[in-house]
Amino acid sequence: MNVTGITGINKTVGWAWDITSYIIPLSIIYFSTYLTLYLLKIKTNLIFSILSIVLLLICFKFYSLIFILFISSILLFLSNCIYSIYLKFKKK
């Protein structure tokens, strides 16, 4: 186990790939996007923001549920950002 994911024997398994290597870049994208929204004074839902980041970080621990946690984290993140931007422009 290293920072970018699990390393081991290269074995072809069809369409599957290791999604643990995407967790660190996605967490950087999450933090930078939330920081950008904060600097633009766009209010996000704090609970959804924290939950999306926590779900992404929990993916390191639970490899059996990694796909469900990974997808739910991305969906929460996208819905939170899109809805926050929608509300910002709706007020005007």
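Taking every lysine pair in segment 19-91 that is 8 or more places apart or spans two chains, those with Cα atoms closer than 24 Å amount to 6. Shown for segment 19-91: the carbon plus sulfur share of the solvent-accessible area, taken with all protein chains present and a 1.4 angstrom probe, equals 79%. Applying the Karplus relation 6.51 cos²θ - 1.76 cosθ + 1.60 with θ = phi - 60° to segment 56-73 yields 3J(HN,Hα) values of 5, 6, 5, 4, 5, 8, 10, 6, 6, 10, 4, 5, 5, 5, 5, 5, 5, 5 Hz, where x marks Gly and Pro. Between the C-alpha center of segment 22-49 and that of segment 61-92 there is a gap of 10 Å. Note on Phe48 and Tyr83: the model spin-label points, each 7 Å out from Cα along the C-beta direction, lie 0.3 nm apart. Across segment 80-89, coupling constants 3J(HN,Hα) worked out from phi with the 6.51/-1.76/1.60 Karplus curve, θ = phi - 60°, read 5, 5, 5, 5, 5, 5, 4, 5, 5, 7 Hz, and Gly and Pro carry x.
The values are calculated or read from the model by the stated rules, or taken from the named source; none is laboratory data. Computed from a prediction, not measured in an experiment: that's the story for all the values here. So basically every Cβ, Gly included, is an ideal-geometry build from the backbone, and we count neighbours across all protein chains shown. For the accessible areas, the whole protein counts, side chains as well, though only heavy atoms, and no ligand, DNA or RNA atoms are used. Shrake-Rupley method; radii C 1.70, N 1.55, O 1.52, S 1.80 Å.
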